[in-house]
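Undergrad: Shown below is the structure under consideration.
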Amino acid sequence: MAKEHHYSVKLTWNGNTGSGTKDYRTYERSHVIKIKNKADIHCSSDPAFRGDVTKHNPEEMLLASVSSCHMLWYLHLCSTASINVLAYSDEPTGVMIENKDGSGRFTEISLNPSITLADASMKAKADALHEKANKLCFIANSLNFPVHHKAKYDVGT
């Protein structure tokens, strides 16, 4: 039997400027995500959808979730394969299409990690682990579009 993990958050819309959603242009898209024992995440919609550019939006958080999950699996796989990673950063990008009716969906995400390895001879082995990390990533397994990997490597001490 599969082991289940349960998660919960509290999301509260705080964008009522006095008249609720009476008019599309009068309410803010601001909301707060609260997770027990963690800092609040202040969010809005993407600025293209009348959101606040200074707040996180769901599309960015999807990219961050995919990138974070991939990194955690990748680092785990490197550690068990005796590949010493000294640094890891990523600048993921995503493509979302918007339909005429206002609906939309992501069509792809590209992870662009910059990885510093302790040993240059491990580059090919380290690069091969991205595919395995993608297959193990809980978030990537929940998507209906591809996640690409375009890693860059450096060697450090």
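Undergrad: Which label marks the calculated value of mean projected area of the Cα convex hull in nm², given the options (1) 12.7; (2) 11.8; (3) 13.7?
TA: Step by step, mean projected area of the Cα convex hull in nm² for this structure corresponds to label (1).
Undergrad: Output the 0 to 90 degree angle, nearest 10, between the alpha-carbon long axis of helix 123-136 and the longest principal axis computed from the alpha carbons of the chain.
TA: The helix 123-136 is inclined about 40 degrees to the chain.
Undergrad: Follow-up question, since we're still on this one. Between HIS76 and GLU98, what is the FRET efficiency for a Förster distance of 35 Å, r being their Cβ-Cβ separation, to the nearest 0.05? It would help to have the intermediate numbers written out before the result.
TA: Working: r = 36 Å, r/R0 = 1.03.
Once the sixth-power term is evaluated, E becomes 0.45.
Undergrad: Expected output is a single nm value to one decimal: the length gained when fully extending between VAL53 and ALA87, i.e. 0.36 nm times separation in residues minus the C-alpha distance. What is it?
TA: Extra length available between VAL53 and ALA87 comes to 9.3 nm.
Undergrad: Rounded if a/c is under 1.5, else prolate if a/b beats b/c, else oblate: with a ≥ b ≥ c from the C-alpha gyration tensor eigenvalues square-rooted, which is the range 29-77? Walk me through the intermediate numbers first.
TA: Details: a/c = 4.25, a/b = 1.67, b/c = 2.55.
Oblate is the answer for the range 29-77, as a/c is 1.5 or above yet b/c matches or exceeds a/b.
Undergrad: For the range 79-157, what does the alpha-carbon gyration tensor say about shape, rounded, prolate or oblate, given a ≥ b ≥ c as the root eigenvalues, a/c under 1.5 as rounded, and a/b over b/c as prolate?
TA: Here the range 79-157 falls in the prolate category.
Undergrad: Taking the Cα-to-Cβ direction at TYR7 and at GLU60 and moving 7 Å from each Cα, how far apart do the two end points lie in nm?
TA: 1.9 nm
Undergrad: Could you run the Karplus curve 6.51 cos²θ - 1.76 cosθ + 1.60 with θ = phi - 60° over the range 145-152 and give me ³J(HN,Hα) per residue in whole Hz, x for Gly and Pro?
TA: 9, x, 10, 9, 10, 10, 7, 10
Undergrad: At a Cα cut-off below 16 Å, give the lysines reachable from LYS10, other chains included and same-chain residues fewer than 8 away excluded.
TA: Hits, sequence-local ones excluded: LYS34, LYS36, LYS38.
Undergrad: Can you give the extra length, in nm with one decimal, that the chain gains between ASN14 and LYS125 once fully stretched, where that is 0.36 nm per residue apart less the Cα-Cα distance?
TA: 35.1 nm
Undergrad: Something else about it: State the volume of the convex hull built on the alpha-carbon positions of the range 1-56, expressed per residue in Å³ and rounded to an integer.
TA: Expressed per residue, the convex hull around the Cα atoms of the range 1-56 is 128 Å³.
Undergrad: So which of LYS125/LYS150; LYS125/LYS152; LYS55/LYS135 end up more than 25 Å apart, counting from Cα to Cα?
TA: From LYS125/LYS150; LYS125/LYS152; LYS55/LYS135, over 25 Å: LYS55/LYS135.
Undergrad: Using the count of nearby Cβ atoms within 10 Å as a rough guide to exposure, how do SER45, SER114, SER142 rank from fewest to most?
TA: Numbers: SER45 18, SER114 13, SER142 10.
Placing the least packed residue first, the sequence is SER142, SER114, SER45.
Undergrad: A follow-up question, please. Can you tell me the 0 to 90 degree angle between the C-alpha axis of helix 58-80 and the longest principal axis of the chain, rounded to 10?
TA: On a 0 to 90 degree scale, this one is about 20.
Undergrad: Next up: Pop a pseudo-label 7 angstrom from the Cα along the beta-carbon direction at both TYR24 and PHE138 and give the gap in nm to one decimal.
TA: Calculated label separation equals 3.7 nm.
Undergrad: Around VAL155, which amide H atoms from residues at least 5 apart in sequence, or from another chain, sit under 5 Å from its own amide H, with H modelled in the peptide plane?
TA: Counting only residues 5 or more places away or on other chains, the set is LEU117.
Bear in mind that the values in this text are calculations on the coordinates, not laboratory data. Just so we're clear, the structure is a prediction, and the values are computed from it rather than from any experiment. Here Cβ is always computed from backbone atoms with ideal geometry, including for glycine, and neighbour counts include all displayed protein chains.
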